[in-house]
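The values are calculated or read from the model by the stated rules, or taken from the named source; none is laboratory data. The structure displayed is predicted, hence computed values, not measured ones. We place every Cβ from the backbone using ideal geometry, glycine too, and count neighbours over all the protein chains shown. Side chains are part of the model used for accessible areas, which takes the heavy atoms of the whole protein and leaves out ligands, DNA and RNA. Shrake-Rupley method; radii C 1.70, N 1.55, O 1.52, S 1.80 Å.
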Amino acid sequence: MSEAVSTSSRGFEQLIELGIALSAEHDHDRLTERILLEAVDLTNADGGTLYLGGDGGTLSFQIVRNATLNIAMGGTTGVPIPFPPLQMYNPETGEANYNNVATAAALTGDAINIEDAYEAEGYDFSGTKKFDEGTGYRSKSFLTIPLKNYSEEVIGVLQLINAQDDEKENVIPFAKSVQRLVEALASQAAVAIDNQQLIEAQKALMDSLIKVMAHAIDAKSPYTGGHCQRVPELTKMLRRNAVTPMKGPLRTSHSTRSSGTNFTLRLGCMISARLRRQSTWSTKRQSYRRFLTECMKCGCALKFCAVMLKSRC
């Protein structure tokens, strides 16, 4: 009894530490990877998969791990995942796909705990069995948890496979107590992913607004046409080269993704503001010169005005 309490206490402490770490992580790949790896460690699972919802009612593979088969795809590994997204709805009939465990969890919003995939009813594990035949693996216990944001919308699915005993010699079912810990982890993970997606959406919106203003300024004035497109690209090229040298005075320069985004936004705002003023000044200068020319054509009566205007140009 005391051992069970101690194990549960360690699990809750791990959840608290993980919640703090997830809220501080800003890199998408590291965030999703840590969510899955921590869930695998928390449940002593052999592997797992993290899916995120995509356009058109799909679940796309983000991270895939399996210790026995030494599989590590997605995330910071840089190894692409070759599997196509899971369809939550039949493309032809539009019917919900409850045959797949991951899509069923996403559609119902409920956790699905399966002791043995080969004996489970109501789900299609033909793909899993085919995978096992080709690799010699034995997929048995599955724990599939939907990721819900603060609005109770499912934004992804966390799936763990083959829970193991403490000696990691036998595959066992996922215990109910372990399932509750993973559900708590999934809740924290969903909030962290959702917040990151909202921030990225805000950055994309700001970037679009700056581009719209830049295009409008470029189209308005012949003096600055294309300037708003050329200068940011040239400046970003200089910035990339400034943070890559391994020797010389710039060897200590470094950059992060967030600093790069802030740099781009500030650069766009600065150029747009400066060109707006410059465009107005250039247009006024051109108008003064045309008026000056007309004044000179009118003779001596307007020479005084011409001299005054010339001094301002």
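Here are the numbers:
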{"quantity": "Where a residue in segment 133-144 is over 23 Å from Ala111 (Cβ atoms) and aromatic (Phe, Trp, Tyr) and its partner, wherever it lies, is open to solvent by 70 Å² or more (accessible area, probe 1.4 Å) and part of a loop (DSSP other than H, G, I, E, B), with Cβ under 9 Å and at least six apart", "calculated": "Tyr137/Thr68"}
{"quantity": "Any strands (runs of 3 or more DSSP E) falling wholly within segment 109-203 and containing at least 3 residues that are under 23 Å from Ser60 (Cα atoms), more than 27 Å from the chain's Cα centre (by Cα) and acidic (Asp, Glu)", "calculated": "none"}
{"quantity": "All positions within segment 64-88 that are in contact (Cβ under 8 Å) with a residue 40 or more places away in the chain and open to solvent by less than 30 Å² (accessible area, probe 1.4 Å)", "calculated": "Asn66, Gly74, Gly75"}
{"quantity": "Unmet requirement for Ala105, which otherwise passes all of (1) open to solvent by 70 Å² or more (accessible area, probe 1.4 Å); (2) modelled with pLDDT of 95 or more; (3) not polar (S, T, N, Q)", "calculated": "(1)"}
{"quantity": "Checklist (1) out of contact with any Phe, Trp or Tyr (no Cβ under 7 Å at 6 or more places or on another chain); (2) surrounded by 13 or more Cβ atoms within 10 Å (Cβ to Cβ) applied to Gln202, failing item", "calculated": "(2)"}
{"quantity": "Residue that is surrounded by the most Cβ atoms within 10 Å (Cβ to Cβ) [pool: residues in segment 134-184 that are hydroxyl-bearing (Ser, Thr, Tyr) and out of contact with any strand residue (DSSP E or B) (no Cβ under 7 Å at 6 or more places or on another chain)]", "calculated": "Tyr137"}
{"quantity": "Tally, over segment 89-100, of residues that are over 19 Å from Thr144 (Cβ atoms) and either open to solvent by less than 70 Å² (accessible area, probe 1.4 Å) or assigned to a helix (DSSP H, G or I) (or both)", "calculated": "2"}
{"quantity": "Hits in segment 151-179 - residues which are within 18 Å of Asn113 (Cα to Cα) and among the small types (Gly, Ala, Ser)", "calculated": "Gly156, Ala163, Ala175, Ser177"}
{"quantity": "Test for Thr103: is it part of a helix (DSSP H, G or I), more than 14 Å from Tyr51 (Cβ to Cβ) and among the β-branched types (Val, Ile, Thr)", "calculated": "no"}
